[in-house]
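Peer 1: Structure provided below as structure tokens; questions to follow.
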Number of protein chains: 2
Amino acid sequence: MHHAPPATDGAATLALRRVAIDTHHENVAYLHRDCALYRAEGFQALSKIEVRANGKRILAVLHVSSDPRIVQCDELGLSQDAFDRLGLAKGHPVTVSQAEPPESIPALFRKIEGERLTQADFTAIVRDIADHRYSKIELTAFVVACNRAELDREEVYFLTEAMVAAGRRLDWQAPLVVDKHCIGGLPGNRTSMLVVPIVAAAGLVFPKTSSRAITSPAGTADTMEVMARVELPVEELTAIVRRHKACLAWGGTADLSPADDVLISVERPLSIDSPGQMVASILSKKIAAGATHLVLDIPIGPTAKVRSMPEAQRLRRLFEYVAQRLHLTLDVVITDGRQPIGQGVGPVLEARDVMRVLENDPLAPMDLRQKSLRLAGRLIENNPDVRGGDGFAIARDILDSGRALAQMNAMIEAQGSRHFDHHHPPLGQLHFEVLAPAHGVVTGIDNLQIARIARLAGAPKVQGAGVDLFHKLGDTVAAGEPLYRVYADHTADLAFARQATLRSTAYSLGTPEQLPHVFVEF
Amino acid sequence: MHHAPPATDGAATLALRRVAIDTHHENVAYLHRDCALYRAEGFQALSKIEVRANGKRILAVLHVSSDPRIVQCDELGLSQDAFDRLGLAKGHPVTVSQAEPPESIPALFRKIEGERLTQADFTAIVRDIADHRYSKIELTAFVVACNRAELDREEVYFLTEAMVAAGRRLDWQAPLVVDKHCIGGLPGNRTSMLVVPIVAAAGLVFPKTSSRAITSPAGTADTMEVMARVELPVEELTAIVRRHKACLAWGGTADLSPADDVLISVERPLSIDSPGQMVASILSKKIAAGATHLVLDIPIGPTAKVRSMPEAQRLRRLFEYVAQRLHLTLDVVITDGRQPIGQGVGPVLEARDVMRVLENDPLAPMDLRQKSLRLAGRLIENNPDVRGGDGFAIARDILDSGRALAQMNAMIEAQGSRHFDHHHPPLGQLHFEVLAPAHGVVTGIDNLQIARIARLAGAPKVQGAGVDLFHKLGDTVAAGEPLYRVYADHTADLAFARQATLRSTAYSLGTPEQLPHVFVEF
């Protein structure tokens, strides 16, 4: 019910000031307690205010100061990021008013009450979210109200479409633009870094943008960054793809589905990963990145994100429904998620595995090679000239002949090489090994615990930190034989990781009959 | 997954500094970017940190500064409220560490996933909320996950009990302590200010603590404040009740159900008022205030909070279930909520109406008098010496004889009189009248619109602002006759209120047959 009297609206101007306080992603404005405007408008601390100048405007939370060294009576202070976002010089005149509540708030309230929303509702909500007009309270309410089965499949489509519309959409001027995504949860699963060079070498356009790790020990962007620059301005990214058909870049610079990043800032601390939100997040990013054909990897296993075949099938159908509404050709592949893929977990270790596969090194992890070839084969078969079933063999020829390696090296050079030598990978200086407590067959590897150990050891922030697995499911180990080695750079990190291994090694040993069943083709 | 290396924990100390920034209810800590601790711990801006000294600790959101005039490298700055909350001198050594996530977070995640929680879960969650350990994100997630029918009635009991346990509980050392509450939504409904003096004059202990208006134009505390001090320290409040059997005080000083205040800070901006949360909020406050017998007023009407008898009955049963589990004797009264109660809406106008009733002034609004007598009668019948059905007559005798007025005056003196003269009430200096557009019978008064107009006019902040109603349901009015007068102190407020009356006067005129049906006894 608070309001700004219309008489003063737009009249009072203040001089812009940069306050040297970093408030991370939250815009904070500072007004002096004795500022005439503050008194006239009846603002309260923590009110949301709108700051306007030169046709630009930002919203900010208000902090009130009585210290003229922070802000003076005729000034409006902005925290660092907010100042940069407004993009004006110190001293520039700005006008300040109480922020209007976002237009989509009535629709949000209806969703909180459990009502079904229309396409127009989702468009309005997502636009407000992408414009940073929602408070943390409103944002969280939206995420929780859309959690679980609260969205029907058409609403998921509305949400996805709205998320695409709220950001930039890349257009590659090509009839066939392929992409590949995994819903996540498997440590070491760096297939993208093999699928992209193989499929690009087969002639398809593959502008791969990836995220950094959110809760995992390494994302594709983190791993590629060991070898090359990944933070590429859109113009540079476009030029590289035009020249080399593909890239392996961080998606954060391209403003693709910006509402997704805002939503993730709330979903992550709440561990919310509902099917509807997962589908909207993944498909909006892919559509915005310009993909026309997508292969999607859903791993299942006792410690994967998806734990049963019926659950995987339900998720597949939701992905397929939304993809079809968005005219995206989607190929869902349900894969073996019983254990990590490859040998290394952590940016440097995973980059080493990828290069070993590309160089056909005898030390290359076979599971990473096989899975990548199969996914690449599926994408290659989108080429109308390729016969169904031939994709795998084409992919294997490209890999075995060294053409995938050449493609990767060209991309690394184009993006800016970091001169990574996988024969002498820059691993953490500290390490310890975890030994098998008894003779037996490896019957289980806990994905979540391996990820936890690698993160405690410092990954992905410390690139050389992580876990190097010496044994996988079905291997027979002797008592005292090392199961894996943990790398770290800092003593404290090493201690934390060691404590975690003492609580649980992540390995189960037993007899061959205890091996969990594989439900899937690969 | 971020963590504080144990080696440095508790070792680094910084000098406390007060930063002259008002961040309202949010604790903010300021560290200099070059502070060794900040670098060693890997804190990020907006991390939650724990500040400890002298056995005290508070949690704060971290802002990082590079301006030594705000905070120096060896200092920890705290925003005004946070500094006051810690209660230590400038320069006092403090230790700082990454805040541990609240213990109850796993239970919160289970509620988000739709699971039923145990009593221990609710106890842990509410304790963390009352201790301000939840972030805005976590708080909102809890509120939205408990919205609608998400809590069963036993869970509502668990929540209520946990909210009582998290704060202070007053003990009046008396077998019979009465209280009275209305679920709200009716402008002018100041029955408490009559029920308390009548029932106390009948000899019952009635320590009434009230809230201020949250979304209404006046709460009982706001109205009583026109006549007396209401912000009483608990010791003073206790002494007044011991001497006079009753008080009419603001509940905010007594730390009763502190989690409720925190939850309201999220529920209000989201307009969430679900049955479970309403029951837990109201009953926890009453139990904490020491009540043994409560009369609860649920008004129903087309613009009241509850709009149908079945809805009122469902709500009544939930209140009764939880009250019985808490050993509170509860008497639910479903009342006529078709229109505002009394004549005035706004603190001064409502205080005037209350005093007119107490003085048996012929101008006193009869509906306010009648409703108050009935509610008082119900409470008086809790006295085992009173026969069922005699309460109303006893209440009327007390009011007519002037004993209720004497009791009120004694309470006003004890709390600290503000020398309010209701014959010359200090009303807003500006006013305008809204006229009947045609001849007819008043067939509807929109409670929500009357409340909106009174708030736009400045109530409750401007005590003399509000709406004075000249006609109620069933009155016949001539074209051009004033329906009500709006009072304000500021030109802009008056203009806003006038605009609102132009959109809707809140009055419907018609024929006697169009009067909405009364479903209830009173």
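The values are calculated or read from the model by the stated rules, or taken from the named source; none is laboratory data. On a predicted model such as this, the values are computed, not experimentally measured, just so you know. Because the Cβ atoms are built from the backbone with ideal geometry, glycine has one as well, and the counts that use them run over all protein chains shown. For the accessible areas, the whole protein counts, side chains as well, though only heavy atoms, and no ligand, DNA or RNA atoms are used. Shrake-Rupley method; radii C 1.70, N 1.55, O 1.52, S 1.80 Å.
Peer 1: If you count the DSSP beta bridges with both ends in chain A, what percent of them are antiparallel, to the nearest 5?
Peer 2: In chain A, approximately 55 percent of DSSP beta bridges are antiparallel ones.
Peer 1: Which of B:162, A:221, B:415 sits closest to the plus end of the dipole of the protein assembly as shown, meaning its Cα is farthest towards the positive end, when Lys and Arg get +1 and Asp and Glu get -1 on the C-beta?
Peer 2: Value: B:415.
Peer 1: Right, something else. Given H placed 1.01 Å from N in the peptide plane, which residues other than close sequence neighbours of residue A:182 have an amide H under 5 Å from its amide H?
Peer 2: The list, which skips near neighbours in sequence, is A:297.
Peer 1: Rg(Cα) of region A:207-307 divided by 2.2 N^0.38 Å?
Peer 2: Here the answer is 1.14, to two decimals.
Peer 1: Only four residue types carry charge here, +1 at the Cβ of Lys and Arg and -1 at the Cβ of Asp and Glu. Report the dipole size of chain A about the Cα centre in Debye, rounded to the nearest 20.
Peer 2: It works out to roughly 120 debye.
Peer 1: About its Cα centre, what dipole magnitude does the protein assembly as shown give when the only charges are +1 on Lys and Arg Cβ and -1 on Asp and Glu Cβ, stated in debye to the nearest 20?
Peer 2: In total the dipole reaches around 160 debye.
Peer 1: Here's another thing I want to ask about it. Once you list every other residue whose beta carbon is under 13 Å from the beta carbon of residue A:452, what net charge do they have if Lys and Arg are +1 and Asp and Glu are -1?
Peer 2: Summing Lys and Arg as +1 and Asp and Glu as -1 gives +1.
Peer 1: Which of the listed residues, A:436, A:457, A:477, is farthest toward the dipole's positive end in region A:379-496, when Lys, Arg count +1 and Asp, Glu count -1 at the beta-carbon?
Peer 2: Of A:436, A:457, A:477, it is A:457.
Peer 1: Counting only C-alpha contacts under 8 Å and six or more residues apart, can you give the relative contact order of chain A as a whole percent?
Peer 2: Working: 1074 pairs, mean separation 71.7, N = 522.
That works out to 14 percent.
Peer 1: Taking the solvent-accessible surface of protein heavy atoms with a 1.4 Å probe, what is the per residue accessible area of region A:194-349 in Å²?
Peer 2: 30 Å²
Peer 1: Quick check: at a probe of 1.4 Å, how many percent of the accessible area of region A:252-404 sits on carbon and sulfur atoms?
Peer 2: Carbon-and-sulfur percentage of accessible area, whole number: 49.
Peer 1: So what are the three principal axis dimensions of the protein assembly as shown from its Cα atoms, in whole Å, longest to shortest?
Peer 2: 105, 60, 59
Peer 1: Something else now. Under 5 Å between amide hydrogens, which residues at least 5 positions from residue A:246 or on another chain qualify, with H placed 1.01 Å from N in the peptide plane?
Peer 2: Under 5 Å from the amide H of residue A:246 lie the amide H atoms of A:206, each far enough along the sequence or on another chain.
Peer 1: Let me ask another. Which FRET efficiency value, to the nearest 0.05, do you get for residue A:214 and residue A:73 by plugging their Cβ-Cβ distance into 1/(1 + (r/R0)^6) with R0 = 35 Å?
Peer 2: 0.20
Peer 1: Could you check how much of the accessible area of region A:161-245 is carbon and sulfur, as a whole percent, using a 1.4 Å probe?
Peer 2: The value for region A:161-245 is 47 percent carbon and sulfur by accessible area.
Peer 1: What share of all Cα pairs of region A:76-141, in percent, falls into each consecutive 5 Å distance bin?
Peer 2: 3, 14, 21, 18, 14, 10, 9, 6, 2, 1
Peer 1: Which pairs in the list A:111/B:371; A:286/A:371; A:136/B:111; A:461/B:111 are over 28 Å apart, alpha-carbon to alpha-carbon?
Peer 2: On the way: A:111/B:371 38 Å; A:286/A:371 21 Å; A:136/B:111 19 Å; A:461/B:111 32 Å.
The answer is A:111/B:371; A:461/B:111.
Peer 1: Hey, another quick one. Shielding by partners for B:57-67, please: the mean number of other protein chain Cβ atoms within 10 Å of each residue's Cβ.
Peer 2: Mean shielding by partner chains, rounded to a whole number: 4.
Peer 1: Then there's this: So what does the Cα-only Debye profile of region A:300-418 read at q = 0.10, 0.23 Å⁻¹, as log10 I(q)/I(0), no solvent term?
Peer 2: Calculated log10 I(q)/I(0) at the listed q: -0.41, -1.26.
Peer 1: Could you grab the relative contact order for region A:225-291? Cα pairs under 8 Å, six or more apart, rounded to a whole percent. Show your work: numbers first, answer last.
Peer 2: Values: 29 pairs, mean separation 19.3, N = 67.
Dividing the mean separation by the residue count of region A:225-291 yields 29 percent.
Peer 1: Under unit Cβ charges (Lys, Arg +1; Asp, Glu -1), what dipole magnitude, rounded to 20 debye, does region B:231-348 have relative to its Cα centre? Kindly include the intermediate steps, with their values, before the conclusion.
Peer 2: Details: 13 positive and 13 negative charges, 77 e Å.
Dipole about the Cα centre, nearest 20: 380 debye.
Peer 1: Separate question: Ballpark to the nearest 100 Å², how much total accessible area do B and A bury together, probe 1.4 Å? Could the numbers behind the result be given before it?
Peer 2: Numbers: alone 22830 and 22870 Å², together 40970 Å².
Chains B and A together bury approximately 4700 Å².
Peer 1: Taking only Cα atoms of chain B, what ratio of Rg to Rh do you get with Rh as the Kirkwood inverse-distance radius? Before the final figure, lay out each step's value.
Peer 2: Values: Rg = 25.6 Å, Rh = 25.1 Å.
My calculation of the ratio gives 1.02.
Peer 1: A further question on this structure: Can you list, shortest first in nanometers, how far residue A:175 lies from the same residue in the other copies, with each label 7 Å from Cα toward Cβ?
Peer 2: 9.3
Peer 1: Enter the accessible area per residue of region B:371-460 (Å², integer; probe 1.4 Å; all protein chains in place).
Peer 2: Here the per-residue accessible area is 45 Å².
Peer 1: Follow-up. Taking amide H positions as placed 1.01 Å from N in the peptide plane, with prolines and chain starts having none, which residues 5 or more places from residue A:189, or on another chain, fall under 5 Å of its amide H?
Peer 2: A:341
Peer 1: To one decimal in nm, how far is residue B:514 from the same spot in the other copies, if labels go 7 Å from Cα toward Cβ? Please give the shortest first.
Peer 2: Label-point separations across copies, in nm and ascending: 8.1.
Peer 1: Next question. Tell me, what is the percent relative contact order of region A:406-515, built from C-alpha pairs under 8 Å that lie six or more residues apart?
Peer 2: 38 percent
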